[in-house]
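J.: Right, I'll just put the structure down here and ask away after.
The values are calculated or read from the model by the stated rules, or taken from the named source; none is laboratory data. The model shown is predicted, which means the values in this text are computed figures rather than measured ones. Every residue, glycine among them, receives a Cβ derived from its backbone with ideal geometry; neighbour counts consider all protein chains shown. For accessibility, only protein heavy atoms count, side chains too; no ligands or nucleic acids. Shrake-Rupley method; radii C 1.70, N 1.55, O 1.52, S 1.80 Å.
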Amino acid sequence: MIPDANRQLLERELAVDDPWRLDSSSFEQERYAQMLRMSRCNGDVASALEVGCAAGAFTEMLAPLCERLTVVDVMPQAIERARRRTTKWSHITWVACDIQRFATTEQFELIVVAEVLYYLKDIVEMHAAIRNLVRMLAPNGALIFGSARDAACQRWGHAAGAETVIALFTESLSQVERLHCHTNSVNEDCLIVRFRKPGHSSEQPNVGH
Ligand SMILES: C[S@@+](CC[C@H](N)C(=O)[O-])C[C@H]1O[C@@H](n2cnc3c(N)ncnc32)[C@H](O)[C@@H]1O
């Protein structure tokens, strides 16, 4: 569950024209360019999951790469804004749900989860969400994770950020690529990692970098 304070924060941000300046900030555009490049690494994708769409800025970039795209966000207003922005596509399924509770029998070839998991209450909940995401990722599938770093997240009052979550994902997935995106601003400093799920039970996850 996301704590009340974080839900209020999300409500306030999602009520403005350009939440988190995701459309207008050059840092965010560079972050999206890197996430998109990593999402394209295995070519076109039959089925993808995006977790946490905000107003749909990245959804709009991801949709053309996928035959089917499922978008999950805990805030119905985020789903509504992103849906309005992407009406030209009919292959997107929208789900208003906490990622810890989202369940499907579908196995996704690609999962993108960026700037989302630090809204959860604590590391136990982050771990539960990660286990859920790993379960839904197809063998050999790619998971793109992005987050502000531990220090920034803790400064913002969250339990943990990138380094902690990357260590948790690395228990089950292999790191293929890791990137540091930052500017001179302390609030513009994130890590983006492309993970791969081992294809066979005999394959062990390893730390790539
Ligand atoms: C800062 S925005 C990130 C948007 C986009 N992923 C990006 O990287 O720019 C965070 C989004 O995650 C959603 N979110 C936060 N906690 C969530 C949860 N537990 N389950 C699903 N979505 C969540 C919020 O509602 C919001 O739309």
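J.: Per the Kirkwood definition applied to all pairs of different Cα atoms, how many angstroms is the hydrodynamic radius of the stretch 1-107?
T.: Working: mean 1/r = 0.0690 Å⁻¹.
After inverting the pairwise mean of 1/r, the radius is 14.5 Å.
J.: So, one more: Counting other Cβ atoms within 10 Å of each Cβ, which GluC sites (Glu not before Pro) in the stretch 49-125 have at most 15 and sit in a DSSP loop?
T.: Working: sites: Glu50, Glu60, Glu67, Glu80, Glu106, Glu109, Glu115, Glu125; in loops: Glu106, Glu115.
Passing sites in the stretch 49-125 are Glu106.
J.: Whole number in Å², please: accessible area per residue of the stretch 52-201, 1.4 Å probe, ligands, DNA and RNA not counted. Write out the running numbers ahead of the final one.
T.: Details: 6300 Å² over 150 residues.
Solvent-accessible surface per residue comes out at 42 Å².
J.: In terms of the Cα gyration tensor, with a ≥ b ≥ c the square roots of its eigenvalues, is the stretch 84-126 rounded because a/c is under 1.5, prolate because a/b exceeds b/c, or oblate? Before the final figure, lay out each step's value.
T.: Values: a/c = 2.27, a/b = 1.70, b/c = 1.33.
In terms of gyration-tensor shape, prolate.
J.: In bins 10 Å wide, starting from 0, what share of all Cα pairs of the stretch 69-209 does each bin hold, as a percent?
T.: 11, 38, 37, 13, 1
J.: While we're on this one: Place a +1 charge on the Cβ of each Lys and Arg in the chain and a -1 charge on the Cβ of each Asp and Glu, then give the dipole magnitude about the Cα centre in debye, rounded to the nearest 20.
T.: Details: 22 positive and 27 negative charges, 60 e Å.
For this selection, approximately 280 debye.
J.: Take the chain, connect every pair of alpha-carbon atoms lying under 10 Å apart with a spring to form a Gaussian network, then pick out the residue of Ala151, Ala167, Ala55 with the largest mean-square fluctuation.
T.: Comparing Ala151, Ala167, Ala55 in the GNM, the peak value goes to Ala167.
J.: Then there's this: If you find the alpha carbon centre of the stretch 42-99 and of the stretch 10-34, how far apart are they in angstrom?
T.: Using only Cα atoms to place each centre, the spacing works out to 16 Å.
J.: Whose amide H sits under 5 Å from the amide H of Ala114, counting only residues 5 or more places off or on another chain, with H placed in the peptide plane?
T.: Correct list: Val51, Gly146.
J.: Another one. Taking a ≥ b ≥ c as the square roots of the Cα gyration tensor eigenvalues, with a/c under 1.5 meaning rounded and otherwise prolate when a/b beats b/c, else oblate, which class fits the stretch 125-185? All intermediate terms of the calculation are to be shown ahead of the outcome.
T.: Working: a/c = 2.82, a/b = 1.51, b/c = 1.87.
Oblate shape, in that a/c is at least 1.5 and b/c is the bigger or equal ratio.
J.: Follow-up question, since we're still on this one. Report the longest stretch of the chain that contains none of the trypsin sites (Lys or Arg not before Pro) sitting in a DSSP loop with at most 14 other Cβ atoms within 10 Å. Don't jump to the answer; show the numbers that get you there.
T.: Working: sites that count: Arg40, Lys88, Arg101, Lys121.
With trypsin sites (Lys or Arg not before Pro) excluded where exposed in loops, the chain gives 122-209 as its longest stretch.
J.: Taking 45 Å as R0, compute the FRET efficiency from the Cβ-Cβ separation of Gln154 and Trp89 and round it to 0.05.
T.: Rounded to the nearest 0.05, the efficiency is 0.75.
J.: Round to a whole number: what % of the accessible area of the stretch 1-121 belongs to carbon and sulfur, probe 1.4 Å?
T.: Numbers: 2730 of 5700 Å².
Carbon and sulfur atoms account for 48 percent of the accessible area of the stretch 1-121.
J.: At a Förster radius of 22 Å, what calculated FRET efficiency corresponds to the Cβ-Cβ distance of Cys97 and Gln29, to the nearest 0.05?
T.: Values: r = 28 Å, r/R0 = 1.28.
The computed FRET efficiency comes out at 0.20.
J.: Give me the extension gain from Met1 to Glu13: residue separation times 0.36 nm, minus the current Cα-Cα distance, reported in nm with one decimal.
T.: Values: separation 12, 0.36 × 12 = 4.32 nm, distance 1.85 nm.
Full-extension gain reported as 2.5 nm.
J.: Put +1 on the Cβ of every Lys and Arg and -1 on every Asp and Glu Cβ in the chain; which of Ala96, Leu117, Thr164 then has its Cα farthest towards the positive end of the dipole?
T.: Ala96
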